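What follows is a set of notes on a single structure, which appears directly below.
The values are calculated or read from the model by the stated rules, or taken from the named source; none is laboratory data. Owing to the predicted nature of the structure, the values given are computational and were not obtained by experimental measurement. Cβ atoms come from the backbone with ideal geometry, glycine included; neighbour counts cover every protein chain shown. These area figures cover heavy atoms from the full protein model, side chains too; ligands, DNA and RNA do not enter into them. Shrake-Rupley method; radii C 1.70, N 1.55, O 1.52, S 1.80 Å.
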Amino acid sequence: MFKVIYTILYILFKSISLLPFRVIYIISDLFYLITFYGIGYRKRVVLENLKLAFPDYDPSHRKRIAKDFYKHFCDIFLEMIKLLSISESEVLKRFKIKNPDIIKTIEAENKSIIFLYAHYASFEYSAAFTLYKPDFKGYGVYKRIRNKAVDQLMKKIRSRFGVEMIDKNDVPKIMMKNQANHQKAIYGMIADQSPKADNIKHWTTFLGVETPVFVGAEVLAKRLDLSVCYMKIEKSKRGFYDVELIPITTKANKLNNYEITDIYFKHLEQQILKKPAYYFWSHKRWKHKRHNFK
């Protein structure tokens, strides 16, 4: 059954990926109408999140942001499928790192690196950082999908440009193995999801709300003496993204506990406040309340 489902999905996605972008975005527009006006995918979650983050905005303003988010959400899904056949030269035009020399500068510290980024703008194109020819091996950290066929297809799509995809639960083991083998690496990690209740170690103020946050990237950076960099991805126009690499630290052990995490969320918050529609509001980001943990 796995092979059947995988084959069907692959043929479908591959066929869509061969379409020109102008057709891809027509399909995306149709998906938007279905997603927002038809099935209303997580619309309640989106509007509740926007109300928490922007309580001073009137409902019509928040609804406009929600609509723009759903349009972007559909674009990202179709752009992810397009990765199955897009050329390297086309990706480099659409995912443009403005300061790629920073990679070499940080690599010169002779430490493995964590690239922190978020569910903002185009996280699906983020694996294209390997096309900028870093000296270190590239890894992408992701959460395994329950459906094995879908999981394998997503790994295939996301690893097309040389990044090795690893499940988040395997990260410490792989990092320590690489460290023991003197294998320097860059680990791309999305760190803005909500942790499970029993894994909450730190709360920060994010978009004016007390928010529990993952601290795993920081803990590993301190334990293994890794450099940390924020990958700031901005959407310049439909299908095109500008990227700025912002070093956070090359000396993680010198910073206070949770300082790296707080810096990361401040960078992300600044992006969201500037262009809120490009954040993934469909996540149940604030399902845990601080007062329940006192």
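Before moving on, here are some points about what is shown:
- Selection of the stretch 58-104 for residues being in a loop (DSSP other than H, G, I, E, B), touching a residue at least 40 places away in the same chain (Cβ under 8 Å) and more than 16 Å from the chain's Cα centre (by Cα) yields Leu84, Ser85, Ile86, Lys98, Asn99, Pro100.
- Considering the stretch 181-215, and only residues there that are within 23 Å of Ser122 (Cβ to Cβ) and open to solvent by 30 Å² or more (accessible area, probe 1.4 Å), the residue that is farthest from the chain's Cα centre (by Cα) turns out to be Phe214.
- Residue match in the stretch 275-288 (condition: without any contact (Cβ under 8 Å) to a residue 40 or more places away in the chain and either buried (at least 18 other Cβ atoms within 10 Å of the Cβ) or on the phi < 0 side of the Ramachandran plot (or both)): no
- Test: residue in the stretch 223-234 that is of a type in the set (Asp, Glu) and open to solvent by less than 40 Å² (accessible area, probe 1.4 Å): yes
- Annotation note: Cβ proximity below 6 Å between a residue of the stretch 40-56 that is among the hydroxyl-bearing types (Ser, Thr, Tyr) and a residue that is part of a helix (DSSP H, G or I) (sequence gap 6+ or interchain) occurs for Tyr41/Thr35.
- Selection status of Ile263, assigned to a strand (DSSP E or B), open to solvent by 30 Å² or more (accessible area, probe 1.4 Å) and among the β-branched types (Val, Ile, Thr): no
- Selection within the stretch 235-255 - polar (S, T, N, Q), touching a helix residue (DSSP H, G or I) at 6+ places or on another chain (Cβ under 9 Å) and open to solvent by 40 Å² or more (accessible area, probe 1.4 Å): Asn253
- Within the stretch 20-32, at least one residue is exposed (fewer than 13 other Cβ atoms within 10 Å of the Cβ), of a type outside the set (Gly, Ala, Ser) and part of a loop (DSSP other than H, G, I, E, B).
- Residue match in the stretch 256-263 (condition: under 28 Å from Val91 (Cβ atoms) and hydrophobic (A, V, I, L, M, F, W, C)): no
- For the stretch 45-57, residues that are touching a helix residue (DSSP H, G or I) at 6+ places or on another chain (Cβ under 7 Å) and part of a helix (DSSP H, G or I) total 4.
- Any hit, the stretch 109-119, residues being assigned to a helix (DSSP H, G or I) and open to solvent by 70 Å² or more (accessible area, probe 1.4 Å): no
- Of note, Ala53 does not satisfy the criterion of being small (Gly, Ala, Ser), at pLDDT 95 or above and out of contact with any Gly (no Cβ under 8 Å at 6 or more places or on another chain).
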